[in-house]
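A quick write-up on the structure given underneath.
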Amino acid sequence: MYRYKVTVIGMLVNDWQDLRNAIFGGSPAVFEQYGATPSAEFHFATPQTPADLGPLVKVELLPND
């Protein structure tokens, strides 16, 4: 499992799924977790190459537990 944390700085996200599609090219996530926080977590079965959306969107590969 490949886990990615997406943090958005200085803006609200109305639709995390749209943002996920922009970052990961529409690849379906196995698991998604988001809410009213400025970050979300997406899990994928295969490694992803996230798009660079600039300094306001940070994508981190998290270690497996």
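The values are calculated or read from the model by the stated rules, or taken from the named source; none is laboratory data. Given the structure is predicted, the values throughout are model-derived calculations rather than measurements. Virtual Cβ from ideal backbone geometry, glycine too; neighbours counted across all protein chains shown.
Might you check whether a residue that is in contact with a strand residue (DSSP E or B) (Cβ under 9 Å, 6 or more places away or on another chain), free of Cβ contacts under 8 Å to residues at least 24 places away in the same chain and either of a type in the set (D, E, K, R) or more than 19 Å from Asp15 (Cα to Cα) (or both) occurs anywhere in the stretch 38-50?
Here is the first cut: in the stretch 38-50, the ones in contact with a strand residue (DSSP E or B) (Cβ under 9 Å, 6 or more places away or on another chain) are 38-48, 50.
Adding the requirement that they be free of Cβ contacts under 8 Å to residues at least 24 places away in the same chain leaves none.
Among the residues of the stretch 38-50, not one is in contact with a strand residue (DSSP E or B) (Cβ under 9 Å, 6 or more places away or on another chain), free of Cβ contacts under 8 Å to residues at least 24 places away in the same chain and either of a type in the set (D, E, K, R) or more than 19 Å from Asp15 (Cα to Cα) (or both), which makes the answer no.
If I filter the stretch 1-11 for residues that are out of contact with any Leu (no Cβ under 9 Å at 6 or more places or on another chain), β-branched (Val, Ile, Thr) and free of Cβ contacts under 8 Å to residues at least 12 places away in the same chain, do I get at least one hit? There is no residue in the stretch 1-11 that is out of contact with any Leu (no Cβ under 9 Å at 6 or more places or on another chain), β-branched (Val, Ile, Thr) and free of Cβ contacts under 8 Å to residues at least 12 places away in the same chain.
The chain holds strands (runs of 3 or more DSSP E) entirely within its bounds, and those carrying 1 or more residues that are surrounded by 13 or more Cβ atoms within 10 Å (Cβ to Cβ) and among the aliphatic types (A, V, I, L, M) map to 2-8, 39-44, 57-62. Taking the criterion of being modelled with pLDDT under 95 and touching a strand residue (DSSP E or B) at 6+ places or on another chain (Cβ under 6 Å), would at least one residue in the stretch 13-20 satisfy it? So far as the stretch 13-20 goes, yes, one or more of its residues are modelled with pLDDT under 95 and touching a strand residue (DSSP E or B) at 6+ places or on another chain (Cβ under 6 Å).
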